[in-house]
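What follows is one structure encoded as structure tokens, with my remarks underneath.
The values are calculated or read from the model by the stated rules, or taken from the named source; none is laboratory data. Worth saying up front: this structure is predicted, and the values here are computed from it rather than measured. Don't worry about glycine lacking a Cβ; one is built from the backbone with ideal geometry, like all the others, and counts go over all protein chains shown. Please note that ligands, DNA and RNA were not included when accessible areas were found on the heavy atoms of the full protein model with its side chains. Shrake-Rupley method; radii C 1.70, N 1.55, O 1.52, S 1.80 Å.
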Amino acid sequence: MATTIPRAPARARRGWAMPKEASIVLVLLGIAVVFELLGWSLRGQSFLFNPQRLLIIILQVSITGLLAIGVTQVIITGGIDLSSGSVVALSAMVAASLAQSSDYARAVFPALTDLPAVVPILAGLLVGALAGVINGALTAYAGIPAFIATLGMMVTARGLARFYTHGQPISMLTEQYTWIGSGANPVFIFILIALIFHVALRYTRYGKYTYAIGGNLQAARVSGIDVGRHLVLVYTLAGLLSGLGGIITSARAASGQAGMGLSYELDAIAAAVIGGTSLSGGLGTIGGTVIGTLILGVMISGFTFLGVDAYIQDIVKGVIIVAAVVADQYRRR
């Protein structure tokens, strides 16, 4: 009589594996420790044990982090979004023009001053969502590569932001509106949005469809997923988050300027890639993106703390992005 030998549980057979986010956290801690040591040796002061500096780091990356959350979902589907920074500018201009105070004699819309804050907020979100819908429709239904579709939106949105007031800034915004960007409010908004989309990607049908499309587009179609509609939804949400970023940016600055959000899309993509999102699609987490955003923030703040030239900072940032992509390719192989 044959004896059946019980098999060990799958987890025991494979052994314990460190979560991806844990390895990225170690990178973040390593970078922070390096700047701490350099701070004491070169500046004679601490980099980490400064609450004001830590708050500034989080405030600086909160806007980029919002964009990175949207970009992460787009990249997971196998796409890319180059328009988020320009959409920030356009949304900021539209929202600020509807948030002006009646005390300002040269308001963009004199008859639409002192409006409740909900009006410019909804207008900014609508602009972002509309840009996302166009990106998604061009990619999903017109068959245009995401790189080209979002590149076109990047140029168009930036041009519209400049044309909106012929390059003139929009100032004198109401206190009710600027409160959105005051204090630590941007940080709280960033954390809330990150939690919402972490749950959505990990535990809902929306997340399953997003990963399925990025993992194998044809298999997703065969399994009954409406790929076109879902891609439009993903790009719309990314645009919506860019619109939210524009609202917070203009509220923090108490003005709307066409140059806002410049190169934000590159930082958002960098944060997603550093956080473990694969440019090939199908892999990525919101938690990893949040950590990747913090890594960028710590790097920028650390270089500024040490007095490193801004041009050198860009070079190092580019090297780290390439290294993250190389690491992703090695991991996939």
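So the values come out like this:
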read-out	value
Of the criteria (1) touching a Gly at 6+ places or on another chain (Cβ under 6 Å); (2) open to solvent by less than 20 Å² (accessible area, probe 1.4 Å); (3) of a type in the set (Ser, Thr, Tyr), which one Tyr141 fails	(2)
Val71 surrounded by 24 or more Cβ atoms within 10 Å (Cβ to Cβ), of a type outside the set (S, T, N, Q), under 26 Å from Tyr211 (Cβ atoms) and modelled with pLDDT under 95	no
Checklist (1) of a type in the set (S, T, N, Q); (2) within 28 Å of Gly152 (Cβ to Cβ); (3) open to solvent by 10 Å² or more (accessible area, probe 1.4 Å) applied to Ser301, failing item	(2)
Some residue of region 100-118 being part of a helix (DSSP H, G or I), of a type in the set (Ser, Thr, Tyr) and under 16 Å from Pro169 (Cβ atoms)	no
Check on Arg158, part of a helix (DSSP H, G or I), surrounded by fewer than 20 Cβ atoms within 10 Å (Cβ to Cβ) and not acidic (Asp, Glu)	no
Subset tally (residues that are open to solvent by 20 Å² or more (accessible area, probe 1.4 Å) and more than 21 Å from Pro186 (Cα to Cα)) for region 83-112	10
Enumeration of residues in region 79-99 that are hydroxyl-bearing (Ser, Thr, Tyr) and assigned to a loop (DSSP other than H, G, I, E, B)	Ser83
Qualifying residue in region 286-306 (condition: touching a helix residue (DSSP H, G or I) at 6+ places or on another chain (Cβ under 9 Å) and not in a helix (DSSP H, G or I))	no
Long-range neighbours under 9 Å by Cβ, at least six apart or interchain, first residue under 18 Å from Glu21 (Cα atoms) within region 264-277, second open to solvent by 30 Å² or more (accessible area, probe 1.4 Å) and of a type in the set (Asp, Glu)	Gly275/Glu21; Gly276/Glu21
Hits in region 41-67 (condition: without any contact (Cβ under 8 Å) to a residue 40 or more places away in the chain, of a type in the set (Gly, Ala, Ser) and either open to solvent by 30 Å² or more (accessible area, probe 1.4 Å) or assigned to a helix (DSSP H, G or I) (or both))	Ser41, Gly44
Residue within region 28-40 that is in contact with a helix residue (DSSP H, G or I) (Cβ under 9 Å, 6 or more places away or on another chain), open to solvent by 60 Å² or more (accessible area, probe 1.4 Å) and at pLDDT below 85 present	no
Residue under evaluation Ala258, criteria (1) more than 16 Å from Ile75 (Cα to Cα); (2) open to solvent by 30 Å² or more (accessible area, probe 1.4 Å); (3) out of contact with any Ser or Thr (no Cβ under 7 Å at 6 or more places or on another chain), criterion not met	(2)
Number of positions in region 262-285 that are of a type in the set (Val, Ile, Thr) and either part of a helix (DSSP H, G or I) or out of contact with any Asp or Glu (no Cβ under 9 Å at 6 or more places or on another chain) (or both)	3
